[in-house]
Amino acid sequence: MAAKKPAGLDRRKVVAALLADRGDALVVTGLGSPTYDTYAAGDHDLNFYLWGAMGGAVMAGLGLALAQPKRRVLVITGDGEMLMGIGSLATVACEAPKNLAIAVIDNGHYGETGMQRAHTARGVDLAGIAKAAGFKSATTISTMPAVQAWLPAWQKKAGPVFADIKVAATPAPMRLPLRDGTAIKHRFRSALLGADAIK
Amino acid sequence: MTTDQQTSATVWPDEIYEVLKQAGITQVAYVPDAGHAKLINRCHADKAMRAVSLTTEEEGVAMLAGAWMGGAKGVLLMQSSGVGNCINMLSMIEECRLPLLMIVTMRGVWGEFNPWQVPMGGSTAAALENAGVIVHSVERAEDIRETIHACTALAFNTQRPVAMLIQQRVIGFKNWNK
């Protein structure tokens, strides 16, 4: 009997599992659904929600990881956002920050713009690209047990660490976080650096 | 000066380095340019600085946004041709009101040989200003120290994007016969 193709994971359950025990990690989210998923998992002062600047999530994560080498930094982004900044995987691999992890919530589609198919639904292998760029750890995940098994990797393993997590293309209910960028900045920096950081 | 070969007597890259150092810059993101070669080398040699080579200039905009979120100061070095690559990413700088210090070496405007440099060189300042970046241009090497000092203060004290354009007249012509 041929194995039934998995229907795809629930993106909200995936992101909730990733963040259930986030400790003092700093989180950067790519625009669109990953930003909403992260908020739906529980708002947090140390979430840097991006609502634009497509292609920039991983590099924002790199700058943050280099600035805060003792903290874990997790970038949660979408497959379309990752593809737009695909060169940043090469830059991150060259810099090899030990404290940076990237989780792509990959639904194979551009969910914000009408569910057009993305390259990842047409055979492009993001984990393969990350591995070829030089990531120490790069994997494709398509089951919840594998998501659970990846938690110690993003939280503790010497980075950079990458996972492409295949999820269903089903839209999740709208959950919209703070979207004023300056307010997000002040909240994040005062939580991380203290009240003087926004003087 | 009729060549882009910086000699050991060329002091302005050292002056820029000293100002950046004094300002506490720890992250240096760049896409290489001959005009920045000496400064890039000095930053790589400094253990307190992290010099990061990018695949495209917009990576540096996002990286330095992350740096500031984490409490670090950075600088982004590029050639004028790279400015066009940054435009949408600069929206993050304006929307989050983040500081961004850019140093842009100009091509396509003074004694240029390569016609492909002319379109972006001609629109560099306007493109930056349209994207909300404050632009200061230097035409003479002796003005560089004061200008980078002013740009650095403006960027980090007011949390605004500021670019210093180093005009091609300062850098010199590229020697195509070498």
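The values are calculated or read from the model by the stated rules, or taken from the named source; none is laboratory data. As the structure is a computational prediction, the values presented were derived from the model and not from experiment. We place every Cβ from the backbone using ideal geometry, glycine too, and count neighbours over all the protein chains shown. Heads up: the accessible areas ignore ligands, DNA and RNA and are worked out on the full protein's heavy atoms, side chains in. Shrake-Rupley method; radii C 1.70, N 1.55, O 1.52, S 1.80 Å.
Take the residues in region A:7-32 that are assigned to a loop (DSSP other than H, G, I, E, B) and open to solvent by less than 20 Å² (accessible area, probe 1.4 Å); name whichever of them is nearest to the other protein chains (Cβ to nearest Cβ).
Applying the filter and picking the extreme gives A:G30.
Within region A:109-126, is there a residue that is outside any helix (DSSP H, G or I), out of contact with any strand residue (DSSP E or B) (no Cβ under 8 Å at 6 or more places or on another chain) and at pLDDT 95 or above?
yes
Quick one: B:K73 ticks every box in (1) touching a Gly at 6+ places or on another chain (Cβ under 6 Å); (2) free of Cβ contacts under 8 Å to residues at least 12 places away in the same chain bar one, so which box is it?
Status for B:K73: all satisfied but (2).
Can you work out which of the residues in region B:53-89 that are over 30 Å from A:K70 (Cβ atoms) and among the aliphatic types (A, V, I, L, M) is nearest to the other protein chains (Cβ to nearest Cβ)?
Filtering first and then ranking leaves B:I87.
For region B:151-168, what are the residues that are part of a helix (DSSP H, G or I) and either open to solvent by 60 Å² or more (accessible area, probe 1.4 Å) or out of contact with any His (no Cβ under 7 Å at 6 or more places or on another chain) (or both)?
Selection gives B:T152, B:A153, B:L154, B:A155, B:F156, B:N157, B:T158, B:Q168.
Looking only at residues that are part of a helix (DSSP H, G or I) and open to solvent by 10 Å² or more (accessible area, probe 1.4 Å) in region A:50-71, which one is nearest to the other protein chains (Cβ to nearest Cβ)?
Only one residue tops the list, namely A:A67.
Residues checked against (1) closer than 30 Å to B:I93 by Cβ; (2) touching a residue at least 60 places away in the same chain (Cβ under 8 Å); (3) not aliphatic (A, V, I, L, M):
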| site | (1), (2), (3) |
| --- | --- |
| A:G85 | yes, no, yes |
| A:T113 | yes, no, yes |
| A:A127 | no, no, no |
| A:A158 | no, yes, no |
| A:P177 | yes, yes, yes |
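Can you find, within region A:72-94, the residue that is most open to solvent (accessible area, probe 1.4 Å) among those that are of a type in the set (G, A, S) and not in a strand (DSSP E or B)?
For region A:72-94, the residue satisfying everything is A:A90.
From A:A130, A:A168, A:A172, which residue is within 19 Å of A:G80 (Cβ to Cβ) and open to solvent by less than 10 Å² (accessible area, probe 1.4 Å)? Working first, answer last.
Working: A:A168 fails: open to solvent by less than 10 Å² (accessible area, probe 1.4 Å); A:A172 fails: open to solvent by less than 10 Å² (accessible area, probe 1.4 Å).
Sole residue among the options that is within 19 Å of A:G80 (Cβ to Cβ) and open to solvent by less than 10 Å² (accessible area, probe 1.4 Å): A:A130.
Hey, B:I144 hits all of (1) assigned to a helix (DSSP H, G or I); (2) of a type in the set (A, V, I, L, M, F, W, C); (3) touching a His at 6+ places or on another chain (Cβ under 8 Å) but one; which does it fall short on?
(3)
Restricting to region A:127-171, name every residue that is of a type in the set (A, V, I, L, M) and part of a helix (DSSP H, G or I).
A:A127, A:I129, A:A130, A:A132, A:A133, A:M144, A:A146, A:V147, A:A149, A:L151, A:A153
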